[in-house]
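Here the structure is laid out as structure tokens; the discussion comes afterwards.
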Amino acid sequence: MRGSALGDRGADALLTLSDVTAGYGAGLILKGVNLTIARGEIVCLIGPNGAGKSTVLKTISGLLRPKSGEVMFAGDDIGKLSSKERLHRGIVHVPQDRSLFPGMSVWENVMMGAFILSDQALVRRRLEQVAETFPIVAKRRSAVAGSLSGGEQKQVELARSLMLDPALILLDEPSIGLDPKSRTSVFASISALAVDGRTVLLVEQNARSGLAVAHRAAVLEAGVVALTGTGKELLNDPEVARLYLGASARGPIAGGVARPEDQR
Ligand SMILES: Nc1ncnc2c1ncn2[C@@H]1O[C@H](COP(=O)(O)OP(=O)(O)OP(=O)(O)O)[C@@H](O)[C@H]1O
Ligand SMILES: [Mg+2]
């Protein structure tokens, strides 16, 4: 099929990056990124350290503006909007580093996710919904966030990301630094986030788990999308296995993986 493999469901596209370039000074980190994400999908972005994965997320959430190219979200070019404006449009970003206020309670931290809302009845309703999805929010509501384990803190961060009932959640390395049990909980929670038409773009070093939970996936190398396919296709791609999954990951190829040169 012609077009990006991540654009197969182009009619449902929620987010489309077209030839996006971005960087932090004069130099470019993103050198023409093309990526389309359909509504309701979980898409996993993998790639080596320094490839620009976090930079892609920052360019979508508005922490960084593209130098050229388009960031289309729900039909509008949002590339020039501030991060707050993008938040209002339903894009939330859970950054790579821990982002809770350690001295505040769990409950207060989750409430911070709704800081742009003035309707307090709505905030309370959302809090109740979020606590249903993330029981830790009710169970540890008065605990000081800094006293929780890394895995618990990540659950609270994920819970906070739901407070605006976002259309798109950007998750940067949610499993980093966690023990295996907490990692499993985080990946289960990611599936729970992507319900009710919600869309998730996940960056993950733990590529095997990230690809397993994703509908679709992309490999970012040196600031461009080098490979796209379904999560399963990338899991079974020998080159992806060799580079990102460790030697034990070799397995059969379960169908074609779209490389950029196949898509023209
Ligand atoms: N605030 C910044 N100022 C200057 N350079 C930066 C900044 N943030 C990132 N970079 C550089 O941009 C490049 C891409 O960084 P980015 O964080 O997007 O990579 P990444 O793929 O997320 O890597 P990792 O897997 O290590 O998280 C790196 O060379 C990094 O040093
Ligand atoms: Mg990163």
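The values are calculated or read from the model by the stated rules, or taken from the named source; none is laboratory data. All figures in this text were calculated on a predicted structure; none of them were measured in a lab. Cβ: placed from backbone, ideal geometry, glycine included. Neighbour counts: every protein chain shown. Surface accessibility is based on the protein's heavy atoms, side chains included, excluding ligands, DNA and RNA. Shrake-Rupley method; radii C 1.70, N 1.55, O 1.52, S 1.80 Å.
Within segment 163-247, what whole-number % of the accessible surface is contributed by carbon and sulfur, with the 1.4 Å probe and all protein chains included in the calculation?
53
Let me make sure I get this right: for segment 96-211, a, b and c are the square roots of the gyration tensor eigenvalues over alpha carbons, sorted descending. Under 1.5 in a/c it's rounded, otherwise prolate if a/b > b/c, else oblate. Which is it?
Taking the square roots of the gyration eigenvalues as a ≥ b ≥ c, segment 96-211 is oblate.
By a straight-distance test (C-alpha under 22 Å), which lysines pair with LYS139 as possible cross-link partners, with residues fewer than eight away in the same chain excluded?
Hits, sequence-local ones excluded: LYS154, LYS181.
Using helices alone, I'd like the mean residue ellipticity at 222 nm for the chain: each DSSP H run of four-plus residues gives -39500 (n - 2.57), total over residue count, nearest 500. It would help to have the intermediate numbers written out before the result.
Details: 9 runs with 78 residues, N = 264.
For the chain, the value works out to -8000 deg cm²/dmol.
Give, rounded to the nearest 20 debye, the magnitude of the charge dipole that segment 97-165 has about its Cα centre when Lys and Arg contribute +1 at Cβ and Asp and Glu contribute -1 at Cβ.
140
With the Cα gyration tensor of segment 97-165 giving a ≥ b ≥ c as the square roots of its eigenvalues, does the rule (a/c under 1.5 for rounded; else a/b larger than b/c for prolate; else oblate) give rounded, prolate or oblate?
prolate
Just to confirm, what accessible area per residue do you get for segment 97-165 at 1.4 Å probe, in whole Å²?
I get 51 Å² per residue for segment 97-165.
When Lys and Arg each count +1 and Asp and Glu each count -1, what net charge do the other residues less than 14 Å away from MET72, Cβ to Cβ, add up to? Intermediate values should be presented prior to the final figure.
Working: positive: ARG39, LYS80, ARG86, ARG89; negative: ASP12, ASP19, GLU70, ASP76, ASP77.
It works out to a net charge of -1.
Ratio to report: Rg/Rh of the chain, with Cα atoms as the point set and Rh obtained by the Kirkwood method; give two decimals. Let's see the in-between values first.
Working: Rg = 18.1 Å, Rh = 18.8 Å.
A ratio of 0.97.
Put +1 on the Cβ of each Lys and Arg and -1 on the Cβ of each Asp and Glu in the chain; which of GLN155, LEU35, LEU45 then has its Cα farthest toward the positive end of the dipole?
Of the options given, the answer is GLN155.
Hey, got the dipole for the chain? About the Cα centre, +1 on K and R Cβ, -1 on D and E Cβ, debye to the nearest 20?
Rounded to the nearest 20 debye, it is 300 debye.
Just to confirm a number: summing +1 for Lys and Arg and -1 for Asp and Glu over residues other than PRO95 whose beta-carbon lies under 13 angstrom from that of PRO95, what do you get?
So the surrounding residues net to +1.
Percent relative contact order of segment 97-165, based on C-alpha pairs within less than 8 angstrom and at least six residues apart?
51
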